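Step one of this worksheet: look at the structure below.
The values are calculated or read from the model by the stated rules, or taken from the named source; none is laboratory data. Only a predicted model underlies this, so the values are computations on that prediction, with no experimental measurement involved. Cβ sites come from the backbone with ideal geometry, for glycine too, and all protein chains shown count toward neighbours.
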Ligand SMILES: Nc1ncnc2c1ncn2[C@@H]1O[C@H](COP(=O)(O)OP(=O)(O)OP(=O)(O)O)[C@@H](O)[C@H]1O
Ligand SMILES: [Mg+2]
């Protein structure tokens, strides 16, 4: 079983340290819920794993299946089987979804010397679009351009279905999706996981998603630090107590609260 | 043999491929009235020339015009009343060029233009003017330019004369610079001397957005693949129009090499 292993990871963006010593393991058969308040560093971690150029790793290591990801370019990481469903996918004018996905698939398969026939590809794409109940014309439209919020999220999942990664990081795939779409997307994620086995790191603010995609473990990140880990009952705990109780538990006080207290004392 | 004047009349309603060496001073294409036709033109310009293209009344024409060569040309396109023209054009020279394209619109005619130019280590200049000479005319033009260690200086303008009614002009420029020493100067200009018209323009020139490259790389494409697929988007609109196999075989390699080749 391959494993994504993150050790003592420190990372910064524009000179500001965001991740402060993250340790995390994810094997290709488990699902982890990765939750935390806004701005705690969830997307940052996702981007760092996927080698985004704006984020700088200051310390620590990330390996997958024993290979040093930090020494690899983003595309090499992708071809190794790591996939990031982005919280805010970029738009690419002029490049059609279909051409782009075909190219990505060809690149992946040349690693294993398989050749993707156009017919096979088109059939697979058509089925994936159907599975996700997406509009057929999304294949020939430009990547994410003028897609609605929900369509963009579905388009991320579409690419995941086509590329069949070993590890997928789903960064708020449920935001912007209507109730039915959350169910459709979750079904597709679960189906792919069942078919191939796939490690999932699922980032979300909503309990509902975890009813559909059931996590084996729950990890809470606060202020760039892993604050708590547990089984899925931790979701219930946070649902009723919020993140504040965990902050208190680990001796973390909001800067805002601190300011208020000072003001009050004076 | 008179080498200075050459006339070609297009009368049929059909798809046709015309491949020509242009070495005459004046070349005239006359497209008949009331026909619908798709014309593939591959011109190899050997002498400085003046090319006139006249689209007859009420005809509905699509032209894919690819030029190569060593000398510059002036292309004058006249759209007679109620005719319409879709023009997909690209000048694929390997050295400096200064080609001018002028479109003249008469009453009720409409023009849709797409021009792709690529400067790879050389300079491209010239003008692309659209003259709305009469009322009820529309034009929509997209200019997609690529510069790699080269320079493009192109004067793009739509001119709507005084007293003209119910007309519309839209111009859009997209320019990609693939090196620090590349330059594209091609701002669309709308010269409008009438109130009864709609006009708009857009212009986006710059290096490829790193976020776009990152997105493609996160799906397994190398940086070079990502750049190529984004550049490919500049020639795709032309290739999509070419459903004639013979023409495609002639032109596709030239277009691909203009974006850096495969
Ligand atoms: N490019 C950037 N420049 C400056 N600050 C940044 C940049 N990207 C992220 N940050 C900051 O890093 C912190 C962590 O952001 P991140 O996007 O990782 O949060 P998150 O946990 O994903 O939050 P959310 O739940 O709102 O998506 C935030 O304070 C954010 O403002
Ligand atoms: Mg986020």
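Condition first: more than 23 Å from residue A:186 (Cα to Cα), touching a residue at least 40 places away in the same chain (Cβ under 8 Å) and either in a helix (DSSP H, G or I) or touching a strand residue (DSSP E or B) at 6+ places or on another chain (Cβ under 8 Å) (or both). Now tell me which residues in region A:222-240 satisfy that. Within region A:222-240, A:223, A:224, A:225, A:226, A:227 qualify. Selection of region B:110-125 for residues being under 15 Å from residue B:176 (Cα atoms) and in contact with a helix residue (DSSP H, G or I) (Cβ under 8 Å, 6 or more places away or on another chain) yields B:116, B:118, B:120. The lone criterion from (1) within 19 Å of residue B:254 (Cβ to Cβ); (2) touching a strand residue (DSSP E or B) at 6+ places or on another chain (Cβ under 8 Å) left unmet by residue B:95 is number (2).
Of all residues in region B:189-221, those satisfying the criterion of being farther than 25 Å from residue B:143 by Cβ and either at pLDDT below 90 or surrounded by fewer than 17 Cβ atoms within 10 Å (Cβ to Cβ) (or both) are B:195, B:196. Of the residues screened, residue A:193 is not one that is within 15 Å of the chain's Cα centre (by Cα) and closer than 19 Å to residue A:104 by Cα. Reported count of residues in region A:147-195, each being under 23 Å from residue A:32 (Cβ atoms) and within 16 Å of ligand 1 (Cβ to nearest atom), is 11.
Are any residues in region A:182-221 away from ligand 2 (no atom under 16 Å from the Cβ), in a strand (DSSP E or B) and buried (at least 19 other Cβ atoms within 10 Å of the Cβ), and if so, which ones? A:199, A:200, A:218, listed by residue number. Please go through region A:150-179 and pick out each residue that is buried (at least 23 other Cβ atoms within 10 Å of the Cβ), more than 16 Å from ligand 2 (Cβ to nearest atom) and away from every other protein chain (no Cβ under 14 Å). Matches in region A:150-179: A:154 only. Can you confirm whether residue A:127 is farther than 16 Å from residue A:187 by Cα, more than 17 Å from the chain's Cα centre (by Cα) and more than 14 Å from chain B (Cβ to nearest Cβ)? For residue A:127, the condition - farther than 16 Å from residue A:187 by Cα, more than 17 Å from the chain's Cα centre (by Cα) and more than 14 Å from chain B (Cβ to nearest Cβ) - is not met. Pairing each residue of region A:82-104 that is facing another protein chain (nearest Cβ under 9 Å) and at positive phi with any residue that is buried (at least 22 other Cβ atoms within 10 Å of the Cβ) and assigned to a strand (DSSP E or B), provided the two are 6+ apart or on different chains, yields C-beta distances under 9 Å for A:94/B:144. Residues in region A:43-95 that are under 25 Å from residue B:208 (Cα atoms), more than 16 Å from ligand 2 (Cβ to nearest atom) and part of a loop (DSSP other than H, G, I, E, B): A:51, A:53, A:72, A:73, A:91, A:92, A:93, A:94, A:95.
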